[in-house]
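The next block holds one structure in the form of structure tokens; read it before the comments.
Here, each number is a calculation from the coordinates, and none is a lab measurement. All figures in this text were calculated on a predicted structure; none of them were measured in a lab. Cβ placement follows ideal geometry from the backbone for every residue including glycine, while neighbour counts extend to all protein chains displayed.
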Amino acid sequence: MCAAVSPFDDYMASFERFCCDCFGLGQSKKSPSSSKRSTSSEASPGVSKRDSLLGVSTIIETGKATRRGGRPGSKSPLMTDVGGSTLGNGNGALHGRLSQASAKVDSQKQVSSRPVKETHHALRYEDPDGNKMINEYVRDCKIGTGSYGKVVLHRSRKDGKLYAIKEKDFRATPIAIKLQTALMDVLREVAIMKKLDHPNIVKLVEVIDDPESDYFYMVLEYVEGRWIFEGSGPPGGIGEEAARRYFLDVVAGLSYLHKNHIVHGDIKPENLLITGDARIKIGDFGVSRTFEGENDELRRSPGTPVYTAPECCLGVTYRGRAADVWALGCTLYCMVFGKYPFVGDTLQGTYERIVNDEFWYPEDIDSDLLDLLHGLLCKDPKKRLTLDEVAKHPWLLKDSSGS
């Protein structure tokens, strides 16, 4: 049985869209909940079809045969891979372009790709019993939504297992520049997720990319549990003992990412899923980035405002791993106290509090917990704790008795 979409998740998605639209944070995208969806399989006006996202990088305009972003006959490419080199504009097979993007991520990391099934046909239909189908997958119910599209629970008729299918509808981004960015974001997310194999990270199982379809699907491991926070927000805290247990898993998963040259970019409770045996899995790599060597300097901060590091609020370049650690600190604070460490009445007010204020804490707070929070939420990213230091912190090494 499906859990309802969290009102807190919807609230945060709306807040993210507000920030993107009003202040130019990250990529402004329409949410499925606020956009009318056509029931027709026809492409957006002016576009005859979309070539395979992972196979071809051109969009054919009706009657013009012109690349998006270029004049008729122009040889300029539509898009680049995760590292900036051109993906080209030929009619290569799906696995060729994805392999190229994955190879670029490989060169920046210490691990190779996991086997991920790649399917370049998508059959949407209803079976004789009226069940909505995507290839072998029977639709159950929607379990999430956001600026990327929606996540729907499906069951495979081949193995009987449940899967969470993340669906991107490109009809929501018909403008050339936005479509190009959307294609790039999905390609990057897939290339990164193909590398990930860790017990505290959600796994990508299959990619469904049909050049004749307006939809793109990522078939993900289904975490049959719940969110850390259920119900409307800001939610109540879950207590120190549960927070410690979950936090250990988050640190393990995030450390794996950083050691393999990946910045998550949006660590927050809504992206942490609890399994049936009470373990945490990190999900949603839609804004994640890779880096080379020790150079994790970034210029764009597309994460959630209330989890944004002070250096990101100032609009300067920042270190991705340090920003992830700050968001980790905000997440721990939320888990323990059930509130954000810094939030204002407006976006600007929130940023001012993040940059200038100290966080509130109760007088009877555990001294080790307070020390850890001060280390995670240090305004100076150079003095902020590293994940190696976090893993050895006394608060995390305590047992359930507090000793």
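In the structure displayed, which of LYS150/LYS383; LYS150/LYS194; LYS195/LYS382; LYS203/LYS392; LYS166/LYS259 lie more than 31 Å apart, Cα to Cα?
The answer is LYS150/LYS383.
Take the alpha carbon atoms of segment 351-376, find their center, do the same for segment 192-266, and report the distance between the two centers in whole angstrom.
The distance from the Cα centre of segment 351-376 to that of segment 192-266 comes to 26 Å.
Using every alpha carbon pair in segment 191-313, what percent of pairs falls into each 10 Å bin from 0 up to the bin containing the largest distance?
Binned Cα distances yield the sequence 11, 38, 36, 14, 1, 0.
Taking the Kirkwood radius as the inverse of the mean 1/r across Cα pairs, report the Rg/Rh of segment 346-403.
1.05
Set Lys and Arg Cβ to +1 and Asp and Glu Cβ to -1, take the dipole of segment 229-397 about its Cα centre, and tell me which of ILE267, GLY315, PRO362 lies farthest positive.
Checking the options against the dipole of segment 229-397, the answer is GLY315.
I'm checking a number: the convex hull volume of the Cα atoms of segment 229-397, normalised per residue, in Å³. What is it?
About 118 Å³ per residue, rounded to a whole number.
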